[in-house]
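Data first, discussion second: the structure below is written as structure tokens.
The values are calculated or read from the model by the stated rules, or taken from the named source; none is laboratory data. Quick caveat: nothing in here was measured; it's all calculated off a predicted structure. Cβ placement follows ideal geometry from the backbone for every residue including glycine, while neighbour counts extend to all protein chains displayed.
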Amino acid sequence: MKRTFTQAVLFILISTITPAVVAQNTSPIHGNFQLDAQYYFKDSLIGAPEVPQKLLSNGFANFEYVKGDFSAGLRYESYLDPILGYDSRYQGSGIPYRYLKYNNGDLEVTAGSFYEQFGSGIILRAYEERGLGYDNAIDGFRVKYIPVRGVTVKGLIGRQRSFFSTAEGLVRAADLEWNINESCDSMAGNKTQWILGGSFVSKYQKDQDPVFNLPENVGAGAGRISMNSGGWFANAEYAYKINDPSGGNGYIYKDGQALLLNFGYTKKGFGALFGAKRIDNMGFRSDRDTTGTNLMINYLPALTKNHTYSLAALYPYATQPNGEVGLQGELFFNFKSGSTLGGKYGTDLSVNYSRAQAIEKTLIDTVGNPDAIDLGYTSGFLKFGKEVYFEDFNIEINKKLSKKLRMHLLYMYLHYNKSVVEGRSSEPTVYAHIGVLELGYKLNSKNNLRTEIHHLYTKHDKQSWAVLLLEYSLAPHWFIAGFDQYNYGNNDVDQRIHYITGTVGYTRKTNRITLGYGRQRAGIFCVGGVCRTVPASNGFLMSITSSF
Amino acid sequence: MIIFCLSLNVLYAQDAGRKVPTASIKTLTGEVFSTENFSNDGKPMIIDFWATWCKPCIEELNAIHEEYVDWKEETGVKLITVSIDDARTMTRVAPFINGKGWEYENYLDPNGDFKRAMNVNMPPHTFVINGKGEIVWQHVGFTEGSQEELIEAVRNVLKEEKAASEKAN
């Protein structure tokens, strides 16, 4: 059945493309591709195992054909075999993503694979993060319709992608968004804008458990509101999910709740943002027995800054779906050139604080009462637990010092509860101070030098680190960079390792090729002008990307 | 061989007049916006895909910011930013932009619908759009100094349009 659909998409693509190509010089087909190949060396010092295949590669290519209101597309993916860090269930090649779509402005119908997000995604978000090997696209039908100006209705039914197959569970969902100002003429010129939204998601999975009586249909609903007035903005979303015993929550029958709040003020040169959230038992998957990152129906955003400097991103936070409260505040300033703080060229400053901690949980004792339904625990909505999961305070300053020299400074204080965030017991809690100095020097209009010096001070986990990066770029095509991440403070003298990497890259328009050699730690890695997420490794890495 | 030549045609005809695809994105105040409504009164536009967590993207938009007034004066170009920040960092986008003092036209693409339609692999990815709304040039990545290549692509659009209108007359 699936193969027949793919063949149909292929047939339509090929039969419509060929005459179009002959008829005119504009290409009716567009897409992109990426190929990453890695050659591995065994490195017992950093725990990199011997890879029997020596060379592993991940690749994908998207092709899309658009004509008028109609479009069709597919993605060929191959993992031969999957690069280390990717799930081994990706093994092989295939066309897991293909669709046919009709869109006339007011009505859009998709048959096949699609991505979707309702509100902030807390009850439904199908998305892809290719660099992480994450893809929970839905395969089925989706309809989007605008019945009247300002109102958008979406409905979908399908099964989520699970590597090269689909999940057993079925997802049915609907969403309505109403932009009041757009649909009511009397509100059209109003300075204050209101947007309301509501969504409902239901999943079905057969109960085949010999012991538990599990709910086969699990519903979740969410409501949201957003307001903008002058520079002020506020938005809130609340979600509720009925009992959904799963591997992730220890098969308890408690319901789930999530609340996200954001408000702030912004005008030119200034921004202030405050956010708060409470998550309680909100893991939601197509397959209740799955753990890890596979088959999530919803997305619970972390309320923390997403750092890009490698040592600032050494201990990144991820939302705890079983329960957390989080807070974030951030201020942005742009001091104009000529002012006291701005100096000759102006200065950017941002201050950010975020914190995530446990919700209060009172365990329900069902011992001695085998017939009782295990609700797990009770939790007061506004009661916080004592355990801190994560805390980050940081200040960033960005300043141009002269025509040729620019500087970026970061200071960060970090509190990282490794046991909770990484889900492993008896790991240390890390308290760290991190400093980063980045300098960019313009030799002339095309030749540039850039350096980053980082230092992370901590007595915990693997102790202190230092980083040195040197990069030379010849705009617009070439760059070469060397990067050393040195765990100089490690209490274990043998583990005081230099993670050294050398990278050279060439870019021409949308074609880009990079070659690297060295030891690489997992994380967001930005060099030569592009950021991507990379797994840990030791060896040669070649990456080719192109859009066409 | 015919298939090979056809596929070369497909690959090398890349910048020959593809219209900006239609996708649904959001304004910074959360309103739904269709990309077919991008407009600069027949003058060229730049579309720049970026994210608040992408350093080279910020460097690129900072570098252009320093020259933007001159660019607008010389070519009439308008820069449109499309942030691919997701629900985690999306609310940071508006205060972040103001905190940088940027004066671009800004949108959000939180689930990557427009990003996919434009075949963007990774940010920053920059497109030059001519007066007819067609993609005529694109570039991925940023290194200091690359902004010169970008404005040169905009100047070429104006040259070609001028030549075409002279020919028509």
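Filter segment A:264-288 down to the residues that are among the aliphatic types (A, V, I, L, M) and facing chain B (nearest Cβ under 7 Å), then identify the one that is surrounded by the fewest Cβ atoms within 10 Å (Cβ to Cβ). Steps first, please.
Taking segment A:264-288 and keeping what is among the aliphatic types (A, V, I, L, M), we get A:272-273, A:276, A:279, A:282.
Among the residues that remain, those that are also facing chain B (nearest Cβ under 7 Å) are: A:272-273.
On the way: A:ALA272: 18, A:LEU273: 23.
This residue is A:ALA272.
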> Of all the residues that make up segment A:152-179, how many are surrounded by fewer than 17 Cβ atoms within 10 Å (Cβ to Cβ) and among the β-branched types (Val, Ile, Thr)?
Replying inline: 2
>> So if I check each of A:ASN448, A:ASN444, which one is within 13 Å of chain B (Cβ to nearest Cβ), among the polar types (S, T, N, Q) and crowded, with 20+ Cβ neighbours inside 10 Å?
In response: A:ASN448
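I'm trying to understand the selection: among the residues of segment B:70-83, which are part of a strand (DSSP E or B) and away from chain A (no Cβ under 14 Å)?
Taking segment B:70-83 first, the residues part of a strand (DSSP E or B) are B:78-83.
Answer for segment B:70-83, where residues must be part of a strand (DSSP E or B) and away from chain A (no Cβ under 14 Å): B:LYS78, B:LEU79, B:ILE80, B:THR81, B:VAL82.
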>> Please verify whether A:GLY131 is touching a residue at least 60 places away in the same chain (Cβ under 8 Å), assigned to a helix (DSSP H, G or I) and among the small types (Gly, Ala, Ser), treating the condition exactly as stated.
In response: yes
>> Looking at (1) of a type outside the set (Val, Ile, Thr); (2) within 30 Å of A:THR266 (Cβ to Cβ); (3) touching a residue at least 24 places away in the same chain (Cβ under 8 Å), which one does A:PHE212 not meet, given that it meets all the others?
In response: (2)
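Just name the residue that is surrounded by the fewest Cβ atoms within 10 Å (Cβ to Cβ) out of those in segment B:14-44 that are part of a strand (DSSP E or B) and in contact with a Ser or Thr (Cβ under 8 Å, 6 or more places away or on another chain).
At the first step, the residues of segment B:14-44 found to be part of a strand (DSSP E or B) are B:18-19, B:24-27, B:32-34.
Retained after the next criterion (residues that are in contact with a Ser or Thr (Cβ under 8 Å, 6 or more places away or on another chain)): B:18, B:24-25, B:32-34.
On the way: B:ARG18: 20, B:SER24: 18, B:ILE25: 21, B:VAL32: 15, B:PHE33: 16, B:SER34: 13.
The extreme case among them is B:SER34.
Listed here are the residues, each with its yes/no results for (1) touching a His at 6+ places or on another chain (Cβ under 9 Å); (2) within 26 Å of A:TYR265 (Cβ to Cβ); (3) at pLDDT 95 or above.
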{"residue": "A:GLY329", "(1), (2), (3)": "no, yes, yes"}
{"residue": "A:THR362", "(1), (2), (3)": "no, no, no"}
{"residue": "A:ASP365", "(1), (2), (3)": "no, no, no"}
{"residue": "A:THR378", "(1), (2), (3)": "no, no, no"}
{"residue": "A:ILE397", "(1), (2), (3)": "yes, yes, yes"}
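For segment B:84-108, give me the residue count where each residue is more than 10 Å from chain A (Cβ to nearest Cβ) and touching a Ser or Thr at 6+ places or on another chain (Cβ under 7 Å). Talk me through it step by step, then tell me what you get.
The first filter runs over segment B:84-108 and keeps only residues more than 10 Å from chain A (Cβ to nearest Cβ), leaving B:84, B:104-108.
From the residues that got through so far, the ones that are touching a Ser or Thr at 6+ places or on another chain (Cβ under 7 Å) too are B:104, B:106-108.
The number of residues fulfilling the criteria is 4.
Going through segment A:328-373 one residue at a time, which ones are part of a loop (DSSP other than H, G, I, E, B), within 33 Å of the chain's Cα centre (by Cα) and within 26 Å of A:GLY423 (Cβ to Cβ)? Break it down stepwise before answering.
Filtering segment A:328-373 for residues part of a loop (DSSP other than H, G, I, E, B) gives A:336-346, A:360-361, A:364-373.
Checking the rest, the ones that are also within 33 Å of the chain's Cα centre (by Cα) come to A:346, A:360-361.
The answer is A:GLU360, A:LYS361.
Do we have A:LEU470 as touching a Gly at 6+ places or on another chain (Cβ under 7 Å) and at pLDDT 95 or above here? Even if it seems obvious, please write down each step before you answer.
On the way: touching a Gly at 6+ places or on another chain (Cβ under 7 Å): yes; at pLDDT 95 or above: yes.
Judged against the criteria, A:LEU470 is a match.
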>> Checking the conditions here, which among B:LEU6, B:LEU11, B:LEU61 is assigned to a helix (DSSP H, G or I), surrounded by 13 or more Cβ atoms within 10 Å (Cβ to Cβ), modelled with pLDDT under 90 and not basic (Lys, Arg)?
In response: B:LEU6
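I'd like to know if segment B:135-142 contains one or more residues that are surrounded by 19 or more Cβ atoms within 10 Å (Cβ to Cβ), more than 28 Å from A:ALA313 (Cβ to Cβ) and in contact with a Pro (Cβ under 7 Å, 6 or more places away or on another chain).
First, the residues of segment B:135-142 that are surrounded by 19 or more Cβ atoms within 10 Å (Cβ to Cβ): B:135-142.
Applying the additional criterion that residues be more than 28 Å from A:ALA313 (Cβ to Cβ) yields B:135-138.
Right, trim to in contact with a Pro (Cβ under 7 Å, 6 or more places away or on another chain) and you get none.
Within segment B:135-142, none of the residues are surrounded by 19 or more Cβ atoms within 10 Å (Cβ to Cβ), more than 28 Å from A:ALA313 (Cβ to Cβ) and in contact with a Pro (Cβ under 7 Å, 6 or more places away or on another chain).
Filter segment B:109-134 for residues that are part of a strand (DSSP E or B) and not β-branched (Val, Ile, Thr); which is surrounded by the fewest Cβ atoms within 10 Å (Cβ to Cβ)?
Residues of segment B:109-134 part of a strand (DSSP E or B): B:125-129, B:134.
From what's left, not β-branched (Val, Ile, Thr): B:125, B:127, B:134.
Working: B:HIS125: 26, B:PHE127: 25, B:GLU134: 16.
Among those that are part of a strand (DSSP E or B) and not β-branched (Val, Ile, Thr), it is B:GLU134.
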>> Quick test for you: out of A:LYS268, A:LYS305, A:LYS254, pick the one residue that is under 15 Å from the mean Cα position of the chain (by Cα) and charged (D, E, K, R).
In response: A:LYS305
> Counting only residues that are buried (at least 17 other Cβ atoms within 10 Å of the Cβ) and of a type in the set (S, T, N, Q), which one in segment A:337-390 is farthest from A:GLN257 (Cα to Cα)?
Replying inline: A:THR347
> Out of the residues in segment A:65-104 that are modelled with pLDDT of 95 or more and of a type in the set (D, E, K, R), which is nearest to A:GLY133 (Cα to Cα)?
Replying inline: A:GLU77
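Can you find a residue in segment A:334-348 that is of a type in the set (Phe, Trp, Tyr) and away from chain B (no Cβ under 14 Å)? Don't jump to the end; show me each part of the working.
Let us first name the residues in segment A:334-348 that are of a type in the set (Phe, Trp, Tyr), namely A:335, A:345.
Subsequent filtering for residues that are away from chain B (no Cβ under 14 Å) retains none.
The answer is no, given that none of the residues of segment A:334-348 is of a type in the set (Phe, Trp, Tyr) and away from chain B (no Cβ under 14 Å).
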>> Given the criteria at pLDDT 95 or above and either part of a loop (DSSP other than H, G, I, E, B) or of a type in the set (Ser, Thr, Tyr) (or both), does B:THR143 qualify?
In response: no
> Within the set of pairs 6 or more residues apart or between chains, which connect a residue that is more than 8 Å from chain A (Cβ to nearest Cβ) and more than 23 Å from A:LYS336 (Cβ to Cβ) inside segment B:51-69 to a residue that is among the aromatic types (Phe, Trp, Tyr) and assigned to a helix (DSSP H, G or I) with Cβ atoms less than 7 Å apart?
Replying inline: none
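Results for (1) in contact with a Gly (Cβ under 8 Å, 6 or more places away or on another chain); (2) in a strand (DSSP E or B); (3) among the basic types (Lys, Arg); (4) at pLDDT 95 or above, shown as yes or no for each residue.
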position	(1), (2), (3), (4)
A:GLY219	no, yes, no, yes
A:SER226	yes, yes, no, yes
A:TYR238	yes, yes, no, yes
A:SER246	yes, no, no, no
A:ILE252	yes, no, no, no
A:LEU261	yes, yes, no, yes
A:GLY264	yes, yes, no, yes
A:ALA272	yes, yes, no, yes
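Identify, please: which residue in segment A:403-439 is of a type in the set (S, T, N, Q) and touching a residue at least 24 places away in the same chain (Cβ under 8 Å) and is, among those, nearest to A:ALA318 (Cα to Cα)? Break it down stepwise before answering.
From segment A:403-439, those of a type in the set (S, T, N, Q) are A:417, A:419, A:425-426, A:429; that's our starting set.
Checking which are touching a residue at least 24 places away in the same chain (Cβ under 8 Å) leaves us with A:417, A:429.
Details: A:ASN417: 11, A:THR429: 15 Å.
Out of the qualifying residues, it is A:ASN417.
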